[in-house]
Amino acid sequence: MEASLAERLVSWYREHRRDLPFRRTRDPYAIIVAEVLLQRTRMASGVPYYERFMARFPTVEQLAAAREEEVLKAWEGLGFYGRARNLHRAAKAITAGHRGDVPTNFADLRALPGIGDYTAGAVASIAFGERVPAIDGNAVRVLARVFRLAGDLRRGPARRRLMTIAASLVPASEPGQYNQALMELGATVCHPKAPRCPECPLRTMCGAYINGSPQRYPKTPPRQHIPVVRVAFAVAVRDGKVLLVRRPPRGLLAGLWALPGGELPPKGSTTETLRKVLANLGLSVRLDEVAAPVEHTFSHQRWVGAVYHVSVVGSPRLPESAMWAAAEDLRRLPLVPFHRRLLETRFGASLR
Ligand code: SF4
């Protein structure tokens, strides 16, 4: 009898899987951390973060007890900081509502704050053997090609069809191994642009390969226009300390410490607006020369502008959300990464 898709995948996975630190554990907390942290992050850059994060917060109780600032610090540079805050919230809910035990089924995992279908499915299947799918972008690509799934697979009827197929394929035996195998095949063989079909265990059942059209699946939505946002920041140094402000608790780079300034309205003078931002902190300043240009692309917007040297007039009292930070503060605080790089150039030393 011909092997099923699941059997082929799991047997291929046993031989070809990458040895990754979170695959050596069944600790559900470690698996949650890995699944949240590695979403939208390349494996090579994500693994060192995972190892540092687990060394810093080895148990769910330690993560729940940490201050948000400490969690953001461990996440600094990974981007998508909402994931760190969600993980922190989930740890608090596990500690408060489940006596520190990670819920053991999909429904209870899904009910945790910030835990979506993918993470709940991955943890339920990998840590607890529940027969549920875990569909990340790699798994979508493999299934779209094998079953030649047309349409926008991110939402609507095409997404529902994908999820119905995905759920029907999960085997009763070793569902966690199967889910990891599907994602691993997408990550290492079924590449978006150049799939290595001759090496693929699914090639004799893959509709797109047989049809000679793997690259046509999944349909990629048209590239979204990324708006440009003008920004200006100020670097003010006094007695060897640099002026920092904490960004608001919501929005882009929320909760990180940053140079004062930020997004500017589309019209109006950059320097005047920057002066007003600083006046809101109670600071009267003299703007000096440009310290560095800013050009930074996020997933949904691009920041373009400059960082200015400024001199603060007088010795005003700072609000709670601002501080004069010494080098040891810069090492301890979660900082906007490109501000950290700029300050390292300014101070000529590593501030990590
Ligand atoms: S045969 Fe090719 S297109 Fe089909 S799943 Fe395998 S690698 Fe992807």
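The values are calculated or read from the model by the stated rules, or taken from the named source; none is laboratory data. Everything quoted here is computed from the prediction, not taken from an experiment. Cβ sites come from the backbone with ideal geometry, for glycine too, and all protein chains shown count toward neighbours. Note: accessible area is taken over every heavy atom of the protein model, side chains too, but ligands, DNA and RNA are not part of it. Shrake-Rupley method; radii C 1.70, N 1.55, O 1.52, S 1.80 Å.
Go through (1) more than 16 Å from the ligand (Cβ to nearest atom); (2) under 20 Å from residue 9 (Cα atoms) one by one and return the number of the condition residue 228 breaks.
(2)
Check residue 124 against each of (1) away from the ligand (no atom under 12 Å from the Cβ); (2) in contact (Cβ under 8 Å) with a residue 40 or more places away in the chain; (3) surrounded by 22 or more Cβ atoms within 10 Å (Cβ to Cβ) and name the one condition it does not meet.
All conditions pass for residue 124, except number (2).
Being closer than 20 Å to residue 222 by Cα and either open to solvent by 30 Å² or more (accessible area, probe 1.4 Å) or not assigned by TED's automatic domain parsing to the domain that holds residue 126 (or both) is the filter here; which residues of segment 157-172 pass it?
Within segment 157-172, 157, 159 meet the criteria.
For the structure I just gave you, tell me whether residue 226 is open to solvent by 20 Å² or more (accessible area, probe 1.4 Å) and touching a residue at least 40 places away in the same chain (Cβ under 8 Å).
Yes.
Of 74, 84, 93, which residue is within 26 Å of residue 246 (Cα to Cα) and over 17 Å from the mean Cα position of the chain (by Cα)?
When all the criteria are applied, what remains is 93.
Go through (1) in contact with a strand residue (DSSP E or B) (Cβ under 6 Å, 6 or more places away or on another chain); (2) open to solvent by 50 Å² or more (accessible area, probe 1.4 Å) for residue 294 and report which single condition fails.
(2)
Please go through segment 11-34 and give me each residue that is basic (Lys, Arg) and closer than 13 Å to residue 181 by Cα, ordered by number.
Correct list: 14, 17, 18, 23.
Has segment 293-310 got any residue that is modelled with pLDDT of 90 or more, farther than 23 Å from residue 76 by Cβ and not hydrophobic (A, V, I, L, M, F, W, C)?
yes
Consider residue 289 carefully, then state whether it is in the same structural domain as residue 307 (by TED's automatic domain parsing), open to solvent by 60 Å² or more (accessible area, probe 1.4 Å) and either under 29 Å from residue 131 (Cβ atoms) or of a type in the set (Asp, Glu) (or both).
The answer is yes for residue 289.
Can you confirm whether segment 315-332 contains a residue that is open to solvent by less than 70 Å² (accessible area, probe 1.4 Å), among the hydroxyl-bearing types (Ser, Thr, Tyr) and closer than 30 Å to residue 52 by Cα?
yes
For segment 2-26, name all the residues that are in contact (Cβ under 8 Å) with a residue 60 or more places away in the chain and open to solvent by less than 60 Å² (accessible area, probe 1.4 Å).
Residues satisfying the conditions are 4, 5, 6, 8, 9, 10, 12, 13, 23.
Being open to solvent by 30 Å² or more (accessible area, probe 1.4 Å) and closer than 15 Å to residue 36 by Cα is the filter here, so list the residues in segment 48-76 that pass it.
Of everything in segment 48-76, those that are open to solvent by 30 Å² or more (accessible area, probe 1.4 Å) and closer than 15 Å to residue 36 by Cα turn out to be 48, 49, 51, 52, 54.
Restricting segment 205-223 to residues that are in a helix (DSSP H, G or I) and more than 27 Å from the chain's Cα centre (by Cα), which is surrounded by the most Cβ atoms within 10 Å (Cβ to Cβ)?
This residue is 214.
Residue 250 is checked against (1) within 8 Å of the ligand (Cβ to nearest atom); (2) modelled with pLDDT under 90; (3) among the basic types (Lys, Arg) and fails just one. What number does that condition carry?
(1)
Tell me the residue from 137, 176 that is open to solvent by less than 20 Å² (accessible area, probe 1.4 Å), more than 8 Å from the ligand (Cβ to nearest atom) and within 24 Å of the chain's Cα centre (by Cα), please.
Details: 137 fails: open to solvent by less than 20 Å² (accessible area, probe 1.4 Å).
The conditions single out 176.
So is residue 148 within 16 Å of the ligand (Cβ to nearest atom), at positive phi and in the same structural domain as residue 205 (by TED's automatic domain parsing) or not?
Working: within 16 Å of the ligand (Cβ to nearest atom): yes; at positive phi: yes; in the same structural domain as residue 205 (by TED's automatic domain parsing): yes.
So residue 148 passes the test.
For the condition among the aliphatic types (A, V, I, L, M), buried (at least 18 other Cβ atoms within 10 Å of the Cβ) and in contact with a His (Cβ under 7 Å, 6 or more places away or on another chain), what is the one hit in 245, 189, 231, 235?
The match here is 235.
May I ask you to list the residues in segment 268-304 that are assigned to a strand (DSSP E or B) and acidic (Asp, Glu)? Steps first, answer last, please.
Of segment 268-304, the ones assigned to a strand (DSSP E or B) are 284-297, 302-304.
Within segment 268-304, 288, 289, 295 meet the criteria.
I'm trying to understand the selection: among the residues of segment 305-330, which are assigned to a helix (DSSP H, G or I) and in contact with a helix residue (DSSP H, G or I) (Cβ under 9 Å, 6 or more places away or on another chain)?
Passing the criteria: 327, 330.
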